[in-house]
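To start, the structure itself, in structure tokens.
Please treat every number below as a calculation from the coordinates, not as lab data. Only a predicted model underlies this, so the values are computations on that prediction, with no experimental measurement involved. When we count neighbours, we look across all protein chains shown, and the Cβ atoms used for this are built from the backbone with ideal geometry, even at glycine.
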Amino acid sequence: MIRTLPNSKGYLTGFRFFILLFFLFLFAPLIVTMVLAFNNSMFPSLPWKGFTLDWFLSAGPEKIGLFHDRSNLSAIATSFKIALSVSFFSTIIGTLAAFLFEQEDFKFKGLLYFLMIAPLVIPGVILGISILLFTNSIGIFLEDNLGIDLKFLTPSFWLVVIGQFSFITTIVTMVISARLRKFDRTLEEAAFNLGANKFEVIWFITLKYLRPSIIGGAAIAFLMSFENFNTTLFLVGADSTLPINLYQQVRDGSTPVINAISFILIISTSIIAVANLYVGNKKEK
Amino acid sequence: MKSNTKKIKWSFFIFFIPVFLWLFLLIVLPHLELLRMSFLGSRGTGITLNNYKAFFTEPIYWLTFVRTALYSILVTAIVLAVSLPVAFYITKISSFRVQGLLMILILVPFWVSELIRVYGWMILLRESGVLNVFLVRIGLFKEPIELLYNDISMVMGLVYTSMLFMIVPIIGVMGSLDDALIEAAHDLGAKKLAIWKEIIIPYCMPGIMSGSIIVFMLVLGSYLTPKLMGGKNSLWFTEQIYNQIIVYFNWNQGSAFGFLLLLLSSLIIWVALKITKQEFTKVVK
């Protein structure tokens, strides 16, 4: 049944076969996507027509590789800027929220905590629409009554940041809270007794202790923002993000340049994920 | 310590105000606005129930809604059935040497964007896809068959994109299950099925519930996978919402649909929690 008990050969072989199939299922689409990025063909499909780097490097006119594809490059740049902004703001607010929920007691804490985790069960599409409607109503109100026209309240770069921030901060809060919960509070008391004030204690002791989870939270926020589609779909303005741009190409059919982008994304997210895992594990011990 | 009390109060507001603003401005108010808009007529007239009436009188709307709900439950069940043995193999059967490697292999695709994973399946399954070329070559198919754009491919895609959100929490709980419990049951003559029913499943219930909630919510609110892998004639409810908001620009009708989807997801999650006697705030931790 488990590794410490005697198991029949059939049981183990059957189980291993199942796991093999599972991993095949898990990786087949990713590997096929990556391999076809190097196929010398106009379509992302077989037959194999030989190895090429054209879908990364070629400048056209027949094939336009990723590094010469203006629309995709600018989408990557937009996504990058959005992800950095979201990661920055949600890490700050997420850290404050972790302190608030782990170290403070106040009336209606339960209710506020419930609101904090609610974004986990609100479909991203709904969150996107709600924020679109709300900011639009505020925009109309401000323009009608005060004559102020705030550009960031209409679908645009900053509206995407606001929308993604609203739920990614929840994830960051949970990552940081998990570590803060294990913090030994006698360390704080010792510092207080030695004459430190609250801010010195937080700055020099608690935040130092939290650093791996803050870095981890920021990395997770970056990745989640970079690949977000559902919420972004309703908030995006003229500069589309990479997932939105890719979606249009996938839907309408495109050259293997999408495979080239996927190749780079799969490799780089894997590196970030493994590095994050490695750092997290090392600090846990 | 008495001199600290005033400063501690002050620090409380530094934590509280930004967090409160985040939750109030970006979660509470937008959803209230969604609710308000859903009761307004599209031509700026007063309060009306017409948007909800349209939902119940047009079969295409509520049929899509029911279909989406049923398929989401089906996908969650399939995901659970696949995830339990995989988590069990990794935590209880695989040797400790490969355990870490399997964990990393599971976690890496977790971070690859949904769009790229769906795209991978599209180039595998479509008529000119890799699988068809392969099956024709080994003689199983006489000519390529469209394997994409039907309900089966859509369910498979949804299982694939949401699976890891079930496996990871279950591994988390199962890892802490003491092997001695299983050994004791085995020594006392319990069959495998009985061990699963009496020990493993009850023990893993918190992980199963949090995985199920997240998977259900992701599938219900999914847009990309049903759109790109599902049949052309069968809509997902999020597509109806998208059409109302973006295509027909009928924000009030879209709000009503959005609110109904939110209500449905909350209701099903609440019922599931009641049946299994779990608490929401504990489950998502």
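If you build the Cα gyration tensor of chain A and take the root of 5 times each eigenvalue, what three semi-axes come out, in whole angstrom, biggest first? Let's see the in-between values first.
Values: eigenvalues 303, 208, 67 Å².
The equivalent ellipsoid of chain A has semi-axes of 39, 32, 18 Å.
Which three semi-axes in whole Å describe the equivalent ellipsoid of region A:142-285, each the square root of 5 times a Cα gyration tensor eigenvalue, listed largest first? Walk me through the numbers on the way to the answer.
Values: eigenvalues 295, 130, 17 Å².
They are 38, 26, 9 Å, listed largest first.
Give me the one-decimal Kirkwood hydrodynamic radius in Å for chain B, with the sum taken over alpha-carbon pairs.
Working: mean 1/r = 0.0445 Å⁻¹.
Mean inverse Cα-Cα distance, inverted, gives 22.5 Å.
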Any chymotrypsin sites (Phe, Trp or Tyr not before Pro) in region A:86-128 that lie in a DSSP loop and have at most 11 other Cβ atoms within 10 Å would be A:F106, A:F108
Over all distinct alpha-carbon pairs, what is the Kirkwood Rh of region B:40-108 in angstrom? 16.3 Å
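When the Kirkwood hydrodynamic radius is evaluated over all pairs of different C-alpha atoms of region B:178-285, what value in angstrom, to one decimal, is obtained? The partial results should precede the final answer.
On the way: mean 1/r = 0.0589 Å⁻¹.
Hydrodynamic radius (Kirkwood, Cα only) of region B:178-285 equals 17.0 Å.
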Helix-derived mean residue ellipticity, 222 nm - over the protein assembly as shown, DSSP H n ≥ 4, -39500 (n - 2.57), to 500: -22500 deg cm²/dmol
Report P(r) for the protein assembly as shown: all Cα-Cα distances, bin width 20 Å, range 0 to the bin holding the largest distance, values in whole percent. 18, 51, 28, 3, 0
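Going by C-beta contacts inside 10 Å, put B:W251, A:W203 in order with the fewest on the left.
On the way: B:W251 22, A:W203 12.
With the fewest neighbours first, B:W251, A:W203 line up as A:W203, B:W251.
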Whole-number value, in Å³ per residue, for the convex hull of the alpha carbons of region A:87-183 is 119 Å³
What residues qualify as long-range amide H neighbours of B:L40, i.e. H under 5 Å apart, gap of 5 or more or another chain, H built at 1.01 Å from N? B:T48
Anything in chain A that counts as a DSSP H helix reaching 24 Å or more along its axis (C-alpha) with Kyte-Doolittle mean of at least 0.5? List them, would you? A:9-36, A:70-103, A:124-146, A:157-180, A:207-227, A:257-284
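Within 10 Å of each candidate Cβ there may be at most 16 other Cβ atoms; applying that plus a DSSP loop requirement, which trypsin sites (Lys or Arg not before Pro) in region A:1-61 survive?
Counting only loop positions with at most 16 other Cβ atoms within 10 Å, the trypsin sites (Lys or Arg not before Pro) in region A:1-61 are A:R3, A:K49.
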For region A:4-103, what number results from the quotient of the Cα radius of gyration and 2.2 N^0.38 Å? 1.85
Could you pull out the pairs from B:K191/B:K274; A:K81/B:K232; A:K81/A:K109 whose alpha carbons sit more than 32 Å apart here? A:K81/B:K232; A:K81/A:K109
